[in-house]
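Notes follow once the structure below has been shown.
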Amino acid sequence: MVDVHLKGIVKRFGKTIAVNGIDLDIRDGEFIVLLGPSGCGKTTTLRIIAGLEKPDEGRVLFGDRDVTYLPPRERNVSMVFQSYAIWPHMKVYDNIAFPLKIKKFPKEEIDKRVKWAAELLQISELLDRYPHQLSGGQRQRVAVARAIVVEPDVLLMDEPLSNLDALLRVKMRSELKKLQRRIKVTTIYVTHDQVEAMTMGDRIAVMNKGKIQQVGRPDEIYLKPANVFVAGFVGTPQMNFFDATVEVKDDEIILDASDFKVRLPKDYLPVLQEYNGKTVIVGIRPEHIYPEGHAPTTAKKLSWIEGTVDFVEALGSDTILHLNTGSMILVVKISGSHHYEIGSKVKVALDLSNIHVFDKESQVSLLYKKQREVQSS
């Protein structure tokens, strides 16, 4: 196992900049997820780490070893692809054993490692079968077994669960995470699925347009997003956003959103007093808006507004309300045991301890920006 360092990685395809100056330090034995929409550069970054693509600028380090221009076979990495890429004409045993045979391992060692990997992935009874005789989940396990059998320094996974059905994806998420903890291999996992990222990653690197937007633990990414993109990309339903004008009056912060006003605690004064009279973007997650009578006792700082139920999504365990406040629609996530009629008036409270304020131009979180300034001073 090794730690992995990306230093100023840039990759161009013609005039398109796929990866634009990425710096990332991945710890030894860590499970890190590259999360972002299609075309954001996450798979290209993974292929650069694997040695399948060469960067136009920057360096890739495994520990203290510069591997930027080394071919994949000299990096001791393994990769699991979205399509599994297992050979249809080989039995499961031979698929798993193939990389060991290429490296000319002794037959006894090959047999020992294949059986070890098969047992870890719970596919020992499938070793004599061909891929066409396996389910999608079983083929995925074979691909993972083949990847770990060489005991790589770095395990790379490119959306390995995307071809599975929803229930199997949930099961395989937990199994892959438990496997990684058991073998303690440095793992870099690419996905566009935020649920996969939040449930599997020790840390998440959120990417967009070839750049890393934020790196942090899942709870940090969710509760303290660095900018509007991260705040909107992570979380279902998506975070509510609305424009508001900042008013500072007698040590009080008021956010004027035209058809309602939000009074913020004094804690926000150091952050927002220089924005007096300016427009900011305000964000709040649907689960941090509470209908009257349903605010948790832990929510001490609330701001009340009223709206009309415009649409209801009854999801069983949860109910999603679309609340028309006049100039905007606020999405509210509540327990599925509560029922509201379309057209009814509802009073809701915004949990001010979970509100986010972003600069209108840069779209950077002002709280995150202030925190970074304090840390660097």
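Summary of computed values
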read-out	value
Qualifying position, being more than 15 Å from Phe242 (Cβ to Cβ) and out of contact with any strand residue (DSSP E or B) (no Cβ under 7 Å at 6 or more places or on another chain), among Ser362, Ser344, Ser327	Ser362
Strands (runs of 3 or more DSSP E) (entirely within region 316-367) containing at least 1 residues that are among the hydroxyl-bearing types (Ser, Thr, Tyr)	318-324, 329-335
Answer from Asp259, Asp243 - the residue that is out of contact with any strand residue (DSSP E or B) (no Cβ under 8 Å at 6 or more places or on another chain), touching a residue at least 24 places away in the same chain (Cβ under 8 Å) and either closer than 30 Å to Ile17 by Cβ or of a type outside the set (Lys, Arg) (or both)	Asp259
Sole exception among (1) in contact with a Leu (Cβ under 9 Å, 6 or more places away or on another chain); (2) closer than 28 Å to Lys112 by Cα for Asp25, by number	(2)
Yes/no for Ala295 being outside the structural domain of Glu196 (by TED's automatic domain parsing) and assigned to a loop (DSSP other than H, G, I, E, B)	yes
Top-ranked residue of region 313-332 - restricted to ones that are of a type in the set (S, T, N, Q) and out of contact with any Lys or Arg (no Cβ under 9 Å at 6 or more places or on another chain), ranked as surrounded by the most Cβ atoms within 10 Å (Cβ to Cβ)	Thr325
Of all residues in region 84-97 being among the aliphatic types (A, V, I, L, M) and modelled with pLDDT under 90, the one that is farthest from the chain's Cα centre (by Cα)	Ile86
For Leu100: the one exception among (1) modelled with pLDDT under 95; (2) over 26 Å from Arg141 (Cα atoms)	(2)
Residue check for Gln238: polar (S, T, N, Q) and either in the same structural domain as Leu330 (by TED's automatic domain parsing) or closer than 17 Å to His288 by Cα (or both)	yes
Residue among Ser162, Ser174 that is under 21 Å from Thr45 (Cβ atoms) and surrounded by fewer than 19 Cβ atoms within 10 Å (Cβ to Cβ)	Ser162
In region 244-278, residue farthest from Glu361 (Cα to Cα) [restricted to those that are among the hydrophobic types (A, V, I, L, M, F, W, C) and not in a strand (DSSP E or B)]	Phe260
Residue among Ser38, Ser78 that is surrounded by 13 or more Cβ atoms within 10 Å (Cβ to Cβ) and either at pLDDT below 95 or among the polar types (S, T, N, Q) (or both)	Ser78
Flag if Tyr130 is surrounded by fewer than 17 Cβ atoms within 10 Å (Cβ to Cβ) and closer than 16 Å to Lys11 by Cα	no
Qualifying residue in region 44-64 (condition: surrounded by 15 or more Cβ atoms within 10 Å (Cβ to Cβ) and polar (S, T, N, Q))	yes
Sole exception among (1) among the charged types (D, E, K, R); (2) modelled with pLDDT under 95; (3) within 14 Å of the chain's Cα centre (by Cα) for Asp267, by number	(3)
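The values are calculated or read from the model by the stated rules, or taken from the named source; none is laboratory data. All figures in this text were calculated on a predicted structure; none of them were measured in a lab. With ideal geometry, Cβ positions are generated from the backbone for all residues, glycine too; neighbour counts draw on all protein chains shown.
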